Amino acid sequence: MSPKASTAEVLQIDDREVRISSPDKVVFPEPGLTKLDVVRYYLAVAEGALRGAGGRPMVLKRFVKGIDQEAFFQKRAPEKRPDWIETATLHYASGNSAEEVVIRDAAALAWVVNLGCLDLNPHPVRAEDLDHPDELRVDLDPMPGVEWAQIVDVAMVSREVLADHGLVGWPKTSGSRGLHINVRIEPRWDYREVRLAAETLAREVENRAPGMASARWWKEERGESVFVDFNQNAKDRTVASAYSIRPLPDARVSTPLDWSEVRGSHPERFTVATVLERFADLGDPAAGIDDAVGSLDRLLALAEELGPAEKPPKSSDGSGRRASTMPLIEIARAETKPEALEGLERWKARHSDVAALLHPADVLVDGMRGSSSLWYRIRVNLQHVPEEQRPEQEPLEMDYDPWAGKEWNRQ
């Protein structure tokens, strides 16, 4: 190990010492942020970051190879950890369980950041009650081709639907292209009921903003709309919480907003540098979220009025899988997003006449969760290509198998 790699800095945080390994390692080359800079950012915004992630079990999303490499997801808390790091054991429908980290103070926050966690990914439950979420999460995820103004319009409709059902939404940038709206709720409902309430909200937003918003789970059916992603409320899902740094070159931050700011708050405005100034000047716009606890009773009553959501047709091959209503072909499966996109470009070069007819939302890039990391799938929706010009399914440009070499416990 080189002398530089072996250096460390010990921070005194309240009454605890936290060792920061490789403090001078450059994490974000574009703004020149080191690992120690990232830790100090989180300490500066700790009040807001802990409001979003504190007291909740969290998945450790670790960028140990830098922001240009895929993170790996670590559910289980490291065996070697300070005795003051809390954990909580979550049980999943699969029968598996995971003892996950729970942070409650600035020292624990610095400790997880030192592990390579750039963004924080807590579950919507408190460690004291793992079966009843106290947060409903609205993830407004724009399809390709959707502009910021449309995302804002859908956010305003979402706010209206929440208010009409006795709930208060707290917006924040996702740190990517979209918006999140967090809602504090009483911890009285289980995950299934919370997800149903979120799906009902999404359906009502779609009803009020047809063409702008979509509650359709299948990506190829959404068109150029904003998907109101209700499935982020499923038990195994986590979302980057408030003040999380996202792994983008400009060190963009998922930033809480006041509703009056939303329309002009393009995500690229909020980076580590600007959020440090903003937090020092304004504090946390979401400071009141824990005092705005609401009930899901009215959304669940609406769910009964609307009835079950429409189910997609089943495939005719006897597999029980759904049959897409759109003419889809698969282009590539790859370990990394750049590799998948390279495969797409090769396909486009061979089918230039077809590629010219595609709309932005016709190219479907899916980040798929593997055993401990993401892999990428690219499909093309040929809905805007005349039937006689549609190419057949071909061998994949690349066919990565994320499960190759894995051993399964079948007990």
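What follows is calculated from the coordinates using simple rules that are stated; it is not laboratory data. As the structure is a computational prediction, the values presented were derived from the model and not from experiment. Note that we place each Cβ from the backbone using ideal geometry, even for glycine, and neighbour counts take in every protein chain shown.
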**Fill in**
Placing +1 on each Lys and Arg Cβ and -1 on each Asp and Glu Cβ in the chain, then taking the dipole about the Cα centre, the residue among P267, P82, S174 whose Cα reaches farthest towards the positive end is P82
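What full-extension length gain, to one decimal in nm, is calculated for T336 and L115 as 0.36 nm per residue of separation minus the Cα-Cα distance? Don't skip to the end; give the middle numbers.
On the way: separation 221, 0.36 × 221 = 79.56 nm, distance 2.21 nm.
Gain on stretching T336 to L115: 77.4 nm.
Which whole-number percent gives the relative contact order of the chain, counting Cα pairs below 8 Å spaced six or more residues apart? If you can, show how the numbers build up before the last one.
Working: 780 pairs, mean separation 60.6, N = 411.
That works out to 15 percent.
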**Asked** Using 1/(1 + (r/R0)^6) with R0 = 35 angstrom and r between the beta carbons of R104 and S176, what's the FRET efficiency to the nearest 0.05?
**Response** 0.80
**Request:** Please state, to two decimals, what the Cα-based radius of gyration of the range 64-119 comes to when divided by 2.2 N^0.38 Å (N = residues).
**Result:** 1.25
**Prompt:** Which residue, chosen from G343, V146, A106, occupies the Cα position most advanced towards the positive end of the dipole of the chain, where the dipole is computed from +1 (Lys, Arg) and -1 (Asp, Glu) charges on Cβ about the Cα centre?
**Reply:** G343
**Cα-only radius of gyration and Dmax that characterise the range 1-153, units Å** = 17.2, 53
**Cα centroid separation, the range 56-72 to the range 176-253 (Å)** = 21 Å
**Request:** Would you mind counting up the charge near V10? Only other residues with Cβ under 13 Å from its Cβ, with Lys and Arg at +1 and Asp and Glu at -1.
**Result:** 0
**Request:** Mind listing the long-range amide H neighbours of I331? Cut-off is under 5 Å, sequence gap 5 or more, other chains count too, H placed in the peptide plane at 1.01 Å from N.
**Result:** I378, R379, V380
**Asked** Among K348, K35, K172, whose mean-square fluctuation peaks in a Gaussian network model of the chain (Cα, cutoff 10 Å)?
**Response** K348
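Which of the GluC sites (Glu not before Pro) found in the range 143-246 are loop residues per DSSP with 12 or fewer other Cβ atoms within 10 Å of their Cβ?
Values: sites: E147, E160, E193, E199, E204, E206, E220, E221, E224; in loops: E147, E224.
Of the GluC sites (Glu not before Pro), the ones in loops of the range 143-246 whose Cβ has at most 12 other Cβ atoms within 10 Å are E147.
Within the chain, what's the longest run with no chymotrypsin sites (Phe, Trp or Tyr not before Pro) in a DSSP loop and at most 11 other beta-carbon atoms within 10 Å? Give the range, please. Don't skip to the end; give the middle numbers.
On the way: sites that count: Y92, W403, W408.
With chymotrypsin sites (Phe, Trp or Tyr not before Pro) excluded where exposed in loops, the chain gives 93-402 as its longest stretch.
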**Request:** In whole angstrom, note down how far apart the Cα centers of the range 21-51 and the range 140-165 are.
**Result:** 31 Å
**Item:** Förster radius 25 Å - calculated FRET efficiency between A163 and D290 (Cβ-Cβ, nearest 0.05)
**Value:** 0.85
**Asked** How big is the Cα convex hull of the range 141-234 in projection, averaged over all directions, in nm²?
**Response** 5.8 nm²
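State the percent of C-alpha pairs, over all pairs in the range 234-297, separated by a distance greater than 13 angstrom.
On the way: 1419 of 2016 pairs.
Across the range 234-297, Cα pairs with separations above 13 Å total 70 percent.
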**Item:** Stretchable slack from A149 to R16, in nm (0.36 nm times residue separation minus alpha-carbon distance)
**Value:** 43.3 nm
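Take the eigenvalues of the Cα gyration tensor for the range 182-237, scale each by 5, and report the square roots as semi-axes in whole Å, largest first. Intermediate values should be presented prior to the final figure.
On the way: eigenvalues 102, 30, 13 Å².
Computed over the range 182-237, the values are 23, 12, 8 Å.
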**Complete:** If R0 = 51 Å, then T7 and H359, at their Cβ-Cβ distance, give a FRET efficiency to the nearest 0.05 of 0.50
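Taking N as the number of residues in the range 74-179, what value does Rg over Cα atoms divided by 2.2 N^0.38 Å take?
Details: Rg = 17.5 Å, N = 106, 2.2 N^0.38 = 12.9 Å.
Its radius of gyration relative to the 2.2 N^0.38 Å reference: 1.35.
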**Request:** Compute the distance in nm between two label points, each set 7 Å from the Cα along the Cα-to-Cβ direction, one at E304 and one at E128.
**Result:** 3.1 nm
**Prompt:** Give me the Kirkwood hydrodynamic radius of the range 30-110 in Å, from all C-alpha pairs, to one decimal place?
**Reply:** 14.2 Å
